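Q: Here it is, the structure, as structure tokens.
The values are calculated or read from the model by the stated rules, or taken from the named source; none is laboratory data. It should be emphasised that the depicted structure is a prediction, and the values quoted were computed from it without experimental measurement. Backbone-built Cβ (ideal geometry, glycine too); neighbour counts: all protein chains shown. Note: accessible area is taken over every heavy atom of the protein model, side chains too, but ligands, DNA and RNA are not part of it. Shrake-Rupley method; radii C 1.70, N 1.55, O 1.52, S 1.80 Å.
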Amino acid sequence: MMYRRTVAWAGGFLLAFTACTGQVGSGSAPAPGTGGAGASMMGGSPAPTGPATDPGRVTLHRLNRVEYNNTVRDLLGTTLRPADEFPSDDRGYGFDNIADVLSLSPLHIELLQRSAQAVVDDALRPGVDVTTTRFEAETVGSPIGQAYKQAWLLWSNGELVATFKAPADGTYKLRARAWAQQAGAELAKLSLGVDAATKVFDVKANEVMPEIVESTFKVVAGNRTVRVGFTNDFVDTATSADRNLFVDYFEIEGPLEGPTRNPSRDRLLTCDPASGEACVDTLLRAFMRRAWRRPVTADEMARLMGVVRMVRADGQSFESGLKLAMQSALVSPHFVFRVELDPTPTSLVPHKLNPHEFASRLSYFLWSSMPDDALFAAADAGRLSTPAEIKAQVARMLADAKAAALIANFGGQWLYTRKLDDHDPDANVFPSYNPALREDMRDETQLMFRDFVAGDIGIDKMLASDTTYLTDRLAKHYGLPPPGSAVPKKVSVAGTNRGGFLTQGSLLTVTSYPTRTSPVQRGRWILEQLLCIPPPPPPPGVEGLKPEDKPTGTLRERLELHRANVVCASCHALMDPLGFGLENYDAVGVYRSTDAGKTIDASGKFPDGRAFNGAKQLSTVLAADPRFAACVTEQLYVYALGRGVEHTAGHLDTQTVDGLAKGFLSGGLRLRTLLESVATSGTFAQRRGELEPMRTP
């Protein structure tokens, strides 16, 4: 009860902290391209007037689900993903890491408390020894058969079933002592099984000399089902010959790899907590510095050590006290939020983030996780103040495997590969689409995007590339020669109907309806994600395109009739022509030449008159559009800062984004260079207070 009270107190502190600071997100998600976040971001305070000096401020930023999972992984070494059970994160400006919309609910508080206990218990669980769990067959019993002396007689096909708890992943050996009563042409057969895996053996032995039948199985830690069965019952009614199986006992031994250690425990416990309070203080101090992503004050340590002493006073061990203090730390706002403080909260004078705040901004930008030891060391030494050091850290961090988070989270939301999980094409219309093909599509896009993050290639080539990543399955779907690989392989698609992101199945699928393409959604995606031009919202009361059992023309012809309505034309004139350029690809990305029995017209024009015919020409026009470079810059800038771009007078955002875009364009559109430029920009390293702190009623 004491443990629950203490962690509940920490959770209450978290809720009280967010209420008092007024920093709990509203839960509303501003639309891309709008200024909706400006007032919220600035807390209602007017921006300074005169020359642009305002770097803005980021609302207290709760870790989103991805960031939480990654942070407990890097902090504790756990493989648990507790935030998968948290409520979904709201999105703003196209991303789920926008501080203003990352709300905190009572359900979050409850799940954070539960998560803290689970991840600490997992990280500090002891290693396991090789164990053997035996089950006496006559005790286990079965609906088939009966007890026979000190064994169980299976007189027909059936199983003895038991449950055991595997202490760790590994290889386990399941064995059974058995004999048989033979009849018929074949020997009695015994099956051994763990969960769904089953192996079958002949049993030659008799009751005088039983035999041991055994086999190994790969087992996952946790509660597992073990089974011993009889599979080939036989009775000769003419002679009364009867084949039966007798099982004395069965047992499972493992993990066979030998005694195991918990590497997380070994890394966290650099001394033995049982040795006393001095060790616990050392362990907790090291843990807190990483958990709260900054040095811990003497007062904070004193309070946490008070938790340890309380547990000790209750007769529990030092390790129990350490675990409870760690759990309390993980429901503190200093862990759950990325805290950035203003020395004078009501001052609008810009100030630099302190080194540890900057390190957190950088690590959550590139890794969606906490700083590592090298970044902490750079912050401790005050080295994160020069562009050269920041660029060196960016290069180091992008070379780390954790940079995959930038591809999955920035790339996955910008390019919509995350939406694949929520999109289900109609199986009756597209029977070839399945989860394996979906993952191949996702891999194709993410691997392509990885090349632009890791390499020295202009991102305009993303729209006009002659290479892509294919498996045999995806190549068959596209109608291309198979590369001879079940895993994605980089191949040339020059001279084919593929080339560039706009021809990839991931985008073409998620911008379609379950039964047909959507030039409207595809055109809207191009406008919003590549050019940062949000189309106007549809007028109230306007109906969409009505479905037809037997289409009376191509989708283009039907949409052009729909666009004849002057009210509808205001939106569709912008989106539809761009979407028509992708009409050669159906709702799961298969190339086609006809629609409703008629040749597809994939031509179109931009509002300024630039014409194209088909996806490749459309891609070429887009890649050369300076708004593409500006839009990529703005998308990355928003993701990096976790807030929208502010275009008010006196704000640095407009000139910062313009400067970044010009440098990005003149530098050959290299994404790696843009990442460095964003990380070394003034607004990334600064913030300000607000005139009047927000209050809750």
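Q: So what are the radius of gyration and Dmax for the Cα set of segment 361-506, in Å?
A: Spelled out, the Cα radius of gyration and Dmax of segment 361-506 are 18.4, 62 Å.
Q: What order, most packed first, do the peptides 147-157, 240-250 have when packing is the mean number of other Cβ atoms within 10 Å of each residue?
A: Descending mean neighbour count gives 240-250, 147-157.
Q: Here's another thing I want to ask about it. So, by mean Cβ neighbours within 10 angstrom, what's the order for 368-380, 274-286 with the highest one leading?
A: Values: 368-380: 19.2, 274-286: 15.1.
Ranking, from highest mean packing down: 368-380, 274-286.
Q: Which translational diffusion coefficient, to the nearest whole µm²/s, is obtained for segment 242-310 from the Stokes-Einstein equation, given a Kirkwood hydrodynamic radius over C-alpha pairs, 20 °C and 1.002 mPa s?
A: Once the numbers are plugged in, D ends up at 134 µm²/s.
Q: Averaging the inverse of every distinct alpha carbon separation and then flipping it gives the Kirkwood radius. What is it for the chain, in angstrom units?
A: 29.6 Å
Q: Checking a compactness column here: for segment 102-226, what do you get for Rg(Cα) / (2.2 N^0.38 Å), N being the number of residues?
A: 1.51
Q: By how many degrees, between 0 and 90 and to the nearest 10, does the Cα long axis of helix 435-454 differ from the longest principal axis of the chain?
A: Once rounded, one gets 50 degrees.
Q: Report the extension gain between Ser88 and Asp373 in nm, rounded to one decimal, defined as 0.36 nm multiplied by the number of residues separating them, less their alpha carbon distance.
A: Extending this stretch completely gives an extra 99.6 nm.
Q: Below 28 Å, Cα to Cα, which lysines can Lys352 reach? Residues fewer than 8 away in the same chain don't count.
A: Correct list for Lys352: Lys391, Lys402, Lys662.
Q: Ok, one more. Could you give the dipole magnitude of the chain about its Cα centre, charging the beta-carbon of Lys and Arg +1 and that of Asp and Glu -1, in debye to the nearest 20?
A: Roughly 1000 debye, rounded to the nearest 20.
Q: Keeping every protein chain present and rolling a 1.4 Å probe, give me the accessible area per residue for segment 592-693 in Å².
A: Value returned for segment 592-693: 39 Å² of accessible area per residue.
Q: Additional query: Roughly what percent of Cα-Cα pairs across segment 184-254 reach past 19 Å?
A: Numbers: 1043 of 2485 pairs.
Roughly 42 percent, once rounded to a whole number.
Q: Here's a follow-up. With the full set of protein chains in place, find how many percent of the accessible area of segment 608-654 is carbon and sulfur; take the probe as 1.4 Å.
A: Numbers: 900 of 1510 Å².
Roughly 60 percent, rounded to a whole number.
Q: Extension gain Ala494-Asp129, at 0.36 nm per residue separation less the Cα-Cα distance, in nm?
A: 125.7 nm
Q: Per DSSP H run of at least 4 residues, take -39500 (n - 2.57); add these up for the chain, divide by its residues and hand me the 222 nm value, nearest 500 deg cm²/dmol. Don't jump to the answer; show the numbers that get you there.
A: Working: 24 runs with 263 residues, N = 697.
Computed mean residue ellipticity for the chain: -11500 deg cm²/dmol.
Q: Using 0.36 nm per residue, how much length does the chain from Ala298 to Val208 gain when fully extended, once their Cα-Cα distance is taken away?
A: Extending this stretch completely gives an extra 25.0 nm.
Q: Per Stokes-Einstein, at 10 °C and 1.306 mPa s, what whole-number D in µm² s⁻¹ belongs to segment 165-298, with the Kirkwood radius over Cα pairs as the hydrodynamic radius?
A: Details: Rh = 19.0 Å.
This corresponds to a translational diffusion coefficient of 84 µm²/s.
Q: Additional query: Keeping all protein chains in place, calculate the accessible area per residue for segment 447-512 (probe 1.4 angstrom), answer in Å².
A: 37 Å²
Q: Let me ask something additional. At 7 Å along Cα-to-Cβ for each site, give me the label-to-label distance between Lys149 and Arg592 in nm.
A: 7.2 nm
Q: On a straight-distance basis, which lysines could pair with Lys476 in a cross-link, Cα separation under 28 angstrom, same-chain partners fewer than 8 positions away excluded?
A: Lys419, Lys461, Lys489, Lys490, Lys598, Lys616
Q: Compute the Cα gyration tensor for segment 395-466, then decide on rounded, prolate or oblate, letting a ≥ b ≥ c be the square roots of its eigenvalues: rounded whenever a/c is under 1.5, prolate when a/b is larger than b/c in the other cases, and oblate in all that remain.
A: Prolate.
Q: Per-residue counts of other Cβ atoms within 10 Å, averaged by peptide: what ranking do you get for 261-268, 603-610, highest first?
A: Values: 261-268: 14.6, 603-610: 13.1.
Peptide ranking by packing, descending: 261-268, 603-610.
Q: If you place +1 on the Cβ of every Lys and Arg and -1 on the Cβ of every Asp and Glu, how big does the dipole about the Cα centre of segment 115-179 come out, in debye to the nearest 20?
A: I would put it at about 300 debye.
Q: List the residues of segment 194-219 whose backbone N lies under 19 Å from a point placed 7 Å from the Cα of Val161 along the Cα-to-Cβ direction.
A: 194-200
Q: What three numbers, in Å, describe the spread of the alpha carbons of segment 346-385 along their principal axes, ordered from the longest?
A: 33, 23, 13
Q: Okay, moving on. Could you calculate, for segment 429-481, the ratio of the Cα radius of gyration to the Kirkwood radius, expressed as Rg to Rh?
A: That ratio equals 1.04.
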